[in-house]
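Coordinate-derived values only; no laboratory data. The structure displayed is predicted, hence computed values, not measured ones. Reconstructed Cβ throughout: ideal geometry from the backbone, glycine too, with neighbour counts over all protein chains shown.
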């Protein structure tokens, strides 16, 4: 009788585990699609095999936790809390960035307090209450019924844990043709490293893409890569540099100050389809754009990806040319590099200002590697601590006005030239901040939460005013200064707009390049550069800025100049089947087949140099930027 009772309880445990993994697998998929009908279609009809593979993995992980703890109810609590956090986190990332959680996002766990500050307190409270209820319930069951549940001997526990670890480890070579996991996933319809990771996650659920990207490849080796090829490219762009430099009078960047201003989430909402604002929220910036080098920047992010845009502006390297598994160059590449080639190293002194926490995106590790001499953030102490950190109304973020004051202080701290990077925070999500003065209203069908668009629009109006004041103060400084000013991505709040339909326009932000009066009057600046500047990408800012500053170029910057002047703006695509989003100067999307022979040649050179500087043998690293 006792044996029959034990078998019955063990059977109930098994059935409960099957139910749990099926439920978690379904909820994970739902967190990605946010659509019950689409989830049902994928899970029960079109992608059943992928769903079965997902719940098989979940079952093996459940067993591994069970084997590790050896108490069924406690293991169940850990299982549900872990995947509950995963589900909520994935839902939030999809909501704000239209992307699933990826392994590179785990680096942000160093900044968990800052992540929580960006999430609505209602979500945090609801999640905590739910998790506490699960723990209390499982502890209660564990105290009263654990003696009746199955417990394993040591050998079995080790086997279960090893099996769980091996399950995750088997995805290390999922992209390798002929590997066991590659064959298994291929039969389920899951294709690892497809051009559009979000589309894959929408059809297979987010777990398989997450596991498939555990192993990071920096960049696929381009055809023809060799030392001989790279030397030919070097000599080619030496000649290009000589040609360009004939018309550039300035040969020492250290005589000038170059400021990169990344304006968080800045993009004119008036350009977004199905959005109507009652009046122009950025009249001063629009006037600045009209009178100076300016246009639209094609972003590789939507609702996020700030550090990736930073990386491109500093290095001139294209995010879309990296391997699909490299989702964050800062946390997956730069942290392991020594002296990566970038614009910062062209200056004797460089300062970074970011009025937030320094460990976000590993900036505290990355910035010194890029060559910054000082990094001023909220955690900086002593003489380099932020002096200006006021906030607007009820905002939790430092205002742009304060950020500009800090930047002006840095400009005036040195008589000679320098490089300054400012990454602002005022207009960062969440967009539930109400301002004292609310002049702007929103109408339209683009946003699920209309009040957020109104709040955001009022915020960028403050940016409009403080930016004009900042430039006016730079005009009063008696040394040459050039500012590259850009928005990094659209705010992730236009959730009712179809990304498939509005892919290009929802990846376009505003930018301008401004040289102060002293620079213009002393032949250190140009008012307006217009060649291929209507639409550019972040990696185009270095060559445009050097052209505006009338600055001679190295062979590397000569290559970037050729890319900027002759190729369409390019970004990492988020929809469709093409890996790269290419847009011409009229805002029209192009395909790779539409590139001319000369454009393909430049693109090939660019890809080879990028590979050599990041994943290759570094044949040109020590000389191409001199």
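Can you tell me, using C-alpha contacts under 8 Å and at least 6 residues apart, the relative contact order of the chain as a whole percent? Walk me through the numbers on the way to the answer.
Working: 1119 pairs, mean separation 117.5, N = 626.
Relative contact order, the chain: 19 percent.
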Which of (i) 3, 14, 24, 29, 21, 8, 1, 0; (ii) 3, 14, 20, 18, 14, 11, 9, 7, 3, 1, 0; (iii) 3, 15, 25, 25, 17, 9, 4, 1, 0, 0 is the computed P(r) over Cα pairs in 10 Å bins from 0, in percent for the structure on display?
(iii)
With everything on Cα atoms, drop me the angle between helix 72-97 and the longest principal axis of the chain, reported from 0 to 90° to the nearest 10.
30
Normalised by the number of residues in the stretch 255-552, what is the relative contact order in percent for Cα pairs under 8 Å and 6+ residues apart?
34
Per the helix-only calculation at 222 nm, which mean residue ellipticity applies to the chain, given -39500 (n - 2.57) for every DSSP H run of n ≥ 4 and division by its residues, nearest 500 deg cm²/dmol?
-15000 deg cm²/dmol
Got a sec? How would 157, 243 order by Cβ neighbour count within 10 Å, fewest to most?
243, 157
Sorted from fewest to most neighbouring beta carbons within 10 Å, what does the list 147, 289 look like?
147, 289
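Of the listed peptides 432-442, 18-28, 585-595, 327-337, what is their order by residue-averaged count of other C-beta atoms within 10 Å, with the highest listed first?
Top to bottom by mean Cβ count within 10 Å: 327-337, 18-28, 432-442, 585-595.
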Roughly what angle does helix 227-245 make with the longest principal axis of the chain, taking Cα atoms, 0 to 90 degrees, to the nearest 10?
40
Between 0 and 90°, nearest 10: helix 597-614 axis offset from the chain longest Cα axis:
70
Out of all DSSP beta bridges in the stretch 255-552, what portion is antiparallel? Express it as a percent rounded to 5.
40
Give the order of 514, 74 when sorted by the count of other beta carbons within 10 angstrom, beginning with the fewest.
74, 514
Relative contact order computed over the stretch 2-212 (Cα-Cα under 8 Å; 6+ residues apart), in percent
34
Take every DSSP beta bridge with both residues inside the chain and express the antiparallel ones as a percent of the total, to the nearest 5.
50
